[in-house]
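What follows is one structure encoded as structure tokens, with my remarks underneath.
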Amino acid sequence: MSTVYDCSEPDNRAAGLAAAAGAVRSGRLVVLPTDTVYGLGCDAFDAEAVRSLLAAKGRGPDMPVPVLVGSWTTIDGLVLSVPRQARALIEAFWPGGLSIVLPHAPSLAWDLGQTRGTVMLRMPLHPVALELLRDVGPMAVSSANKTGHPPAASAREALDQLGDAVPVYLDGGLSGENIPSTIVDLTGPDAVILREGAVSGAEVNEVLGVEVDVAR
């Protein structure tokens, strides 16, 4: 049985965040609002929970799940190193619509799919998401929809698609414009924009002080 918590009401928000944190810590899924679309999330370090997330979406491990974090400093424990370019982008665009791909720390016991030793990280600009992330730590989060269906712009749309596969839905109202995050790959010698979205290529270029190639 799923429960939807209206986070516009202080008491419901507190109860919802507590229920969501409990679900994440027990290996279950939650739906949470973000600054782009609604997300389907779980504990990033719980491989079985990540498999449940992929199963709920009808998706395989060939499309790895991104990781959301609740602070700038969380990234230091998740990646092999944080290069100067990554620091500059984090300071300019986090929290917000920029995802960064970096080699993950080899000591981490997680299975996010076929990542080839990398992880995609983002800090969302949404108070409910940030409060949950700061409580439970890094979460594996994908868009809250069945594969091949439109991303959910509300908790109700997510519930209609995912149903009882998710026990806790945090309703933060309608999401903003359905614009995905910009993805910058920093795993190679030069930065590459894999997808241009909420942050323009020109803005990335300005922060890094170079013309960044866009993947074709």
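The values are calculated or read from the model by the stated rules, or taken from the named source; none is laboratory data. Given the structure is predicted, the values throughout are model-derived calculations rather than measurements. No Cβ is skipped: glycine too gets one built from the backbone with ideal geometry, and neighbour counts run over all protein chains shown. Ligands, DNA and RNA are stripped out before the accessible areas are found, and what is left, the full protein with its side chains, is counted by its heavy atoms. Shrake-Rupley method; radii C 1.70, N 1.55, O 1.52, S 1.80 Å.
Some points to look at:
- Options Leu102, Leu170; residue that is touching a Cys at 6+ places or on another chain (Cβ under 8 Å) and either under 18 Å from Pro64 (Cβ atoms) or crowded, with 23+ Cβ neighbours inside 10 Å (or both): Leu170
- Residues of the stretch 55-69 that turn out to be outside any strand (DSSP E or B), open to solvent by less than 50 Å² (accessible area, probe 1.4 Å) and in contact (Cβ under 8 Å) with a residue 60 or more places away in the chain, as a count: 6
- Selected residue (only one of Gly41, Gly27 is closer than 21 Å to Ser181 by Cβ, modelled with pLDDT of 95 or more and open to solvent by less than 30 Å² (accessible area, probe 1.4 Å)): Gly41
- Considering each residue of the stretch 70-89 in turn, at least one proves to be in contact with a His (Cβ under 8 Å, 6 or more places away or on another chain), open to solvent by less than 40 Å² (accessible area, probe 1.4 Å) and in contact (Cβ under 8 Å) with a residue 40 or more places away in the chain.
- Selection status of Leu108, modelled with pLDDT under 95, over 16 Å from the mean Cα position of the chain (by Cα) and within 21 Å of Val82 (Cβ to Cβ): yes
- For the stretch 40-54, a residue qualifies if it is outside any helix (DSSP H, G or I) and among the aliphatic types (A, V, I, L, M), and the qualifying residues are Leu40, Ala44.
- Scan of the stretch 1-24 for residues that are open to solvent by less than 10 Å² (accessible area, probe 1.4 Å) and hydrophobic (A, V, I, L, M, F, W, C), ordered by number: Ala20, Ala21, Ala23, Val24
- In the stretch 158-196, residue nearest to Leu17 (Cα to Cα) [restricted to those that are of a type in the set (D, E, K, R), within 17 Å of the chain's Cα centre (by Cα) and part of a loop (DSSP other than H, G, I, E, B)]: Glu177
- Taken over the stretch 175-196, the criterion of being among the aliphatic types (A, V, I, L, M), in contact (Cβ under 8 Å) with a residue 60 or more places away in the chain and either touching a strand residue (DSSP E or B) at 6+ places or on another chain (Cβ under 7 Å) or open to solvent by less than 20 Å² (accessible area, probe 1.4 Å) (or both) is satisfied by Ile183, Val184, Leu186, Ala191, Leu194.
- Residues in the stretch 105-138 that are free of Cβ contacts under 8 Å to residues at least 40 places away in the same chain and open to solvent by less than 40 Å² (accessible area, probe 1.4 Å): 2 in all.
- Only listed residue being in a loop (DSSP other than H, G, I, E, B) and open to solvent by less than 40 Å² (accessible area, probe 1.4 Å), chosen from Val141, Val199: Val199
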